[in-house]
Amino acid sequence: ANLDRFHFQPQKVDDNFSEKVYDLYMDRIDGNRRWLTQRDVDRLGKFEMKLDDAADAGTYEFFDMSLTLVESGLNKTERYFKEILARPFDFSIDETIDLSDEKKSFAKDDAELKENWRKYLKRETLTRLVDDLESQEEGKDEDLKGKTFAELEKKAREEVLDVFEKWYTRMRKLK
């Protein structure tokens, strides 16, 4: 009985296996829905039930296409975050952001992807800004003393920009 419990049983390489590999792979390359659009996912989706056949044939079209699409997504979203963080945010607008990555759908197009990034970056900036405003109010940080809201907002945006520039540099090294 113990042998059965610990015995390795290889998976059958079939359409069911393909679907599992596809889902896991898509989650790994863009589980946070930050780089790919639904159009990209649709292009990759045609391979969902064919990965077993591709493995048997030794072809890598799916993986090559996925890497090309992720690289393209990285390039455009890098432009997005630099452009978005170059200007102050308007915090008087009442808006929401969906942070439940695993339940969120892919952006339908580049415009929606960019808007998702704008909201995400605004939230990241606001989080830092609130921390600085609280520290300033409590007199915890001498460097914040006497700074205006606009100066603190700019500081927060610059910090977020720095974080994302470093993050993208690390991601590109992962190739």
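Here are the numbers for the structure shown:
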item: Residue count, segment 117-155 (criterion: under 19 Å from the mean Cα position of the chain (by Cα) and open to solvent by less than 50 Å² (accessible area, probe 1.4 Å)); result: 6
item: Hits in segment 91-105 (condition: open to solvent by less than 60 Å² (accessible area, probe 1.4 Å) and of a type in the set (Ser, Thr, Tyr)); result: Ser100
item: Condition met for Lys108 (surrounded by fewer than 12 Cβ atoms within 10 Å (Cβ to Cβ), under 16 Å from Arg39 (Cα atoms) and touching a residue at least 40 places away in the same chain (Cβ under 8 Å)); result: yes
item: Breaking point among (1) aliphatic (A, V, I, L, M); (2) in contact (Cβ under 8 Å) with a residue 12 or more places away in the chain; (3) within 20 Å of Ala156 (Cα to Cα), for Ile93; result: (2)
item: Filtered residue count, segment 40-52, keeping only those that are surrounded by 12 or more Cβ atoms within 10 Å (Cβ to Cβ) and in a loop (DSSP other than H, G, I, E, B); result: 4
item: Residue count, segment 22-39 (criterion: open to solvent by 10 Å² or more (accessible area, probe 1.4 Å) and either assigned to a helix (DSSP H, G or I) or touching a helix residue (DSSP H, G or I) at 6+ places or on another chain (Cβ under 7 Å) (or both)); result: 12
item: Conditions (1) over 21 Å from Asn16 (Cα atoms); (2) over 11 Å from the mean Cα position of the chain (by Cα); (3) surrounded by 13 or more Cβ atoms within 10 Å (Cβ to Cβ); number of the one not met by Ala55; result: (1)
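The values are calculated or read from the model by the stated rules, or taken from the named source; none is laboratory data. Not measured: the values here are computed from a predicted model. Here the Cβ is made from the backbone with ideal geometry for all residues, glycine too, and neighbour counts use every protein chain on show. Note: accessible area is taken over every heavy atom of the protein model, side chains too, but ligands, DNA and RNA are not part of it. Shrake-Rupley method; radii C 1.70, N 1.55, O 1.52, S 1.80 Å.
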